[in-house]
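J.: Take a look at the following structure, please.
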Amino acid sequence: MKVVLHDRTNGLAQEVRELTHRKLTRLEHHFVKVLDAEVEFSEERKRSGLSSTICRINLHLDGRRTPVLHARERGADPQSALDLALDRIDRQVVAFKEKVTHRKHSASPVRVPPAENRPAQRSSEPERLRLKLRPMSEAEAISELLVVYLHEDSGEIQILVRRADGSLAVIEPVVP
């Protein structure tokens with residue numbers, strides 16, 4: 001990981017520079033796709049004569065649609081400002097990693113749960129589900145994604161499906 005350090009103060013101690021590099025390379029342990037980091041130290045002076053150090057961190061991640069993570073913190077000295085900014089950027093990296101990894105898991109309630117969560121079934125018998133049908137018109141059924149309903153007028157069982165392109169299809173079961 002490449003670390004670029006900008007010093008806009010009156011002089012940053014070498015130990016703070018080494019500490020910055022060492023702590024930022026630890027971010028790779030959380031998420032491998034960290035490319036480079038820009039760290040900027042600057043001073044802010046107030047009218048009262050007190051000065052504080054501001055640490056800004058911009059973290060660039062590898063990927064086509066990955067964001068640049070930002071953190072800006074203020075502290076009494078460069079090391080405390082760095083620690084606060086690193087804490088914030090570390091939380092952002094962990095949150096982004098969780099977001100990316102959760103996209104890969106099936107979270108849809110329509111999909112079948114993983115095998116370890118499913119109760120054991122005999123392979124020869126299919127799973128049976130009981131469904132209470134309520135009478136409704138086609139207009140009421142359109143608001144749903146997939147509906148098995150009892151047609152109000154004819155009394156027949158029908159299945160309404162919303163296709164991927166947005167169109168609707170009515171499946172009318174026929175018993176031979």
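J.: Output the peptides 51-59, 30-38, 92-100 sorted from most to least packed, where packing is the average of other Cβ atoms within 10 Å over each peptide's residues.
T.: Result, highest mean Cβ count within 10 Å first: 51-59, 30-38, 92-100.
J.: Say R0 is 22 Å: what FRET efficiency, to the nearest 0.05, do A169 and V100 get from their beta-carbon distance?
T.: 0.05
J.: Multiply the residue separation of R47 and R17 by 0.36 nm, subtract the distance between their alpha-carbon atoms, and state the gained length in nm to one decimal. Provide the component values of the computation, followed by the final result.
T.: Details: separation 30, 0.36 × 30 = 10.80 nm, distance 2.86 nm.
That pair, R47 and R17, stretches by 7.9 nm at full extension.
J.: So between D36 and D62, what do we pick up on full extension, going 0.36 nm a residue minus the alpha carbon distance?
T.: Full-extension gain reported as 8.5 nm.
J.: Which percent of the accessible heavy-atom area of segment 1-107 goes to carbon and sulfur, probe 1.4 angstrom?
T.: On the way: 3270 of 6990 Å².
Carbon-and-sulfur percentage of accessible area, whole number: 47.
The values are calculated or read from the model by the stated rules, or taken from the named source; none is laboratory data. It should be emphasised that the depicted structure is a prediction, and the values quoted were computed from it without experimental measurement. With ideal geometry, Cβ positions are generated from the backbone for all residues, glycine too; neighbour counts draw on all protein chains shown. Note: accessible area is taken over every heavy atom of the protein model, side chains too, but ligands, DNA and RNA are not part of it. Shrake-Rupley method; radii C 1.70, N 1.55, O 1.52, S 1.80 Å.
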